[in-house]
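Below is one structure, written out as structure tokens; comments come after it.
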Amino acid sequence: MGIERRHWALAAAPLALALLSVTGCDSTSDAGAKPAPVPSSTSVARVCAEPAAGPAKAPAGAVAVDPAVAGDLAAKTKSSPPNTTFWLRPGKHRLAPDRYAQVVPKEGNRYLGAPGAVLDGRKTNQYAFGGTARDVTIRYLTVQGFVAPHDEGVVNHDSADGWVIEHATIQNNSGAGLMAGARQRVRASCLRGNGQYGMNAYKGEGRISGLVVEGNEITGNNTGDWERRRKGCGCTGGVKFWAVDGADVRGNWVHDNRGAGLWADTNNNDFRIEDNVLEGNDGAALIYETSYNAVIRKNTIRRNNWAEGRKAADRGDNFPFATVYVSESGGEPRIRARTDKIEISRNVLENNWSGITLWENADRFCNSPANTSSGDCTLLVRDTDRCARPAIATAPLYADCRWKTQRVDIHHNRFVLDTSVVRCTAECGRMAVLANYGTYPDWSPYQGERVAEAITRKQHNRWHDNVYIGPWTFVAHDPSRELDSGQWQGTPYQQDAGSTFRAQDGG
């Protein structure tokens, strides 16, 4: 698991949201060219600064919880039947002073916070809500100060199914603020300042289906700076998704996270990522890695990847670090989803460090030592051991043992770069489709330029009908081939048909 880059040496319910309106430009094109329509404006949740207030009085039949009694919430949960509603009075609620003290809900329980209700772990308790009960609801509650270990989470610690988290503030915890199970709904909530992730959508056994992440503000996460502490761990950002089969991620404001904003890593499928504002994240706004079938549309993406992109350029790394990074991911008609490709359309990307990179590591495949996905195989080959000599060299395993960047359709987007805003002189305005030279392991059937040729010219990856403003360049096949727009549009690459290019915005 974790992001795979370069390794050249190895070749290795209605929502009561407060909204922030973000206005974009209507895209126009030069005379005679096709327009690239994009959203003229989009609204995002500003819920951290303006959280919705919970009920000031206990609803009929609810069990009231007293903040003056340590452990009252956990004790009343234990003594009450399933499907009980709990109302947390205003004030700071505590659990017992034991690291493993937590609330273990029963099926169908509902937890409602009054205005000012906070559940505080006091840097002592690891988890707030855990257990395997389904269909638990948490609303209008602030959860803070818990110290979950690395890769674990505070709310829904055990990734139980059917949970609803709405109008909640989950902040200033270690680990992940929130885990996720199947059919989970996370709406109108503030996931802020957590040590590793705002949310870690991970279930140890099985896949997560039917996940909705809607109208949230996800900001300032990865305060622990885990990529520095564990270099290359691929374990940070606003939200991380693992083996999620069907997700709608819409109307969120994902900003100022250390690392990536949204990161789908390893055998995710059937994502719709739309109408979000992704901005000011230190790394990529969006990474879609070793995954399948997604629609990424009508997002506003701006000022991302400045920290990580500049750092790479300063050390002389010529890899095209991107703001939208599609790594070993593509459309696959054999895997059921609402689309059979990756479609990236009608987005505005403005003043990010570079644009979109489509990448494949020739040495990363099932059963290869260079596969960073911890022994996982593709969704087409469940038994990793099948991907070995001699069978891997012939059909169908030659194709099916790889996560392939294929059937990516990039169209009707607006790409704007002002280098005086980004404060860069080179390596910051690139689009790319490329792979490395395959060398490893010695029995790999993907050695040489096979993968680079395939991703560039044979796997139906296509840019078209986009608008470019600013000094954009293009990389094809490998990092040494940097092209201008004419070369990019010409033979043999023939990309960006119907697109327009301008040196600067005309208004």
statement: How many residues of the range 432-471 are touching a helix residue (DSSP H, G or I) at 6+ places or on another chain (Cβ under 8 Å) and aliphatic (A, V, I, L, M)? The answer is 3
- line: Selection from the range 139-191 of residues part of a loop (DSSP other than H, G, I, E, B) and either among the β-branched types (Val, Ile, Thr) or at pLDDT below 95 (or both) yields His150, Asp151
message: Looking at the range 498-506, can you tell me whether even one residue there is under 21 Å from Val324 (Cα atoms) and open to solvent by 20 Å² or more (accessible area, probe 1.4 Å)?
response: yes
- request: Test Asp265 against the criterion of being of a type outside the set (Gly, Ala, Ser), within 22 Å of Asn200 (Cα to Cα) and more than 13 Å from the chain's Cα centre (by Cα), and give yes or no.
  value: no
statement: Residue pairs within 9 Å by beta carbon, gap of at least six or interchain, first lying in the range 348-367 and within 17 Å of Arg297 (Cβ to Cβ), second in a loop (DSSP other than H, G, I, E, B) and acidic (Asp, Glu), listed first then second, are Glu350/Asp418
message: Filter the range 204-222 down to the residues that are modelled with pLDDT of 95 or more, under 20 Å from Tyr127 (Cβ atoms) and not in a strand (DSSP E or B) and list them by number.
response: Asn221, Asn222
- request: Please report, ordered by residue number, the strands (runs of 3 or more DSSP E) entirely within the range 245-315 with at least 2 residues that are of a type outside the set (A, V, I, L, M).
  value: 253-255, 262-265, 269-274, 286-289, 292-297, 300-302
task: Return the total of residues in the range 58-109 being closer than 18 Å to Gly121 by Cα, β-branched (Val, Ile, Thr) and either in a loop (DSSP other than H, G, I, E, B) or open to solvent by 50 Å² or more (accessible area, probe 1.4 Å) (or both).
output: 2
message: Taking the conditions exactly as written (open to solvent by 10 Å² or more (accessible area, probe 1.4 Å), within 29 Å of Thr132 (Cα to Cα), at pLDDT below 95 and of a type in the set (Phe, Trp, Tyr)), does Trp242 satisfy them or not?
response: no
- prompt: Does any residue of the range 362-380 turn out to be in contact with a Ser or Thr (Cβ under 8 Å, 6 or more places away or on another chain), modelled with pLDDT of 95 or more, surrounded by 20 or more Cβ atoms within 10 Å (Cβ to Cβ) and under 30 Å from Arg423 (Cβ atoms)?
  reply: no
message: Residue under question is Tyr446, and the condition is that it be under 23 Å from Asp363 (Cβ atoms), of a type outside the set (A, V, I, L, M) and open to solvent by 20 Å² or more (accessible area, probe 1.4 Å); does it hold?
response: no
- prompt: How about the range 281-291: which of its residues are out of contact with any Phe, Trp or Tyr (no Cβ under 8 Å at 6 or more places or on another chain) and of a type outside the set (A, V, I, L, M, F, W, C)?
  reply: Asn281, Gly283
message: For the range 169-207, give me each residue that is in contact with a His (Cβ under 7 Å, 6 or more places away or on another chain) and over 20 Å from Asp248 (Cβ atoms).
response: Gly175, Gln196
- request: Go through Thr323, Thr266 for me and flag whichever is among the polar types (S, T, N, Q) and in contact with a Phe, Trp or Tyr (Cβ under 6 Å, 6 or more places away or on another chain).
  value: Thr266
query: in contact with a Cys (Cβ under 8 Å, 6 or more places away or on another chain), among the acidic types (Asp, Glu) and surrounded by fewer than 17 Cβ atoms within 10 Å (Cβ to Cβ) - does that describe any residue in the range 298-318?
result: no
message: Which condition from (1) more than 12 Å from the chain's Cα centre (by Cα); (2) within 26 Å of Phe146 (Cα to Cα) is the one that Ala201 breaks?
response: (1)
task: Could you tell me whether the range 10-33 includes any residue that is small (Gly, Ala, Ser), within 27 Å of Tyr202 (Cα to Cα), modelled with pLDDT of 50 or more and touching an Asp or Glu at 6+ places or on another chain (Cβ under 8 Å)?
output: no
task: Would you be able to tell me the number of residues in the range 430-452 that are of a type in the set (Phe, Trp, Tyr) and touching a strand residue (DSSP E or B) at 6+ places or on another chain (Cβ under 8 Å)?
output: 2
- request: Kindly indicate whether Val295 is at pLDDT 95 or above, closer than 28 Å to Ser209 by Cβ and surrounded by 21 or more Cβ atoms within 10 Å (Cβ to Cβ).
  value: no
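The values are calculated or read from the model by the stated rules, or taken from the named source; none is laboratory data. For clarity, every value in this text was computed on a predicted model and none was experimentally measured. Glycine also receives a Cβ, built like all others from the backbone with ideal geometry; neighbour counts cover every protein chain displayed. Just the protein is used for accessible areas: all its heavy atoms, side chains included, with ligands, DNA and RNA removed. Shrake-Rupley method; radii C 1.70, N 1.55, O 1.52, S 1.80 Å.
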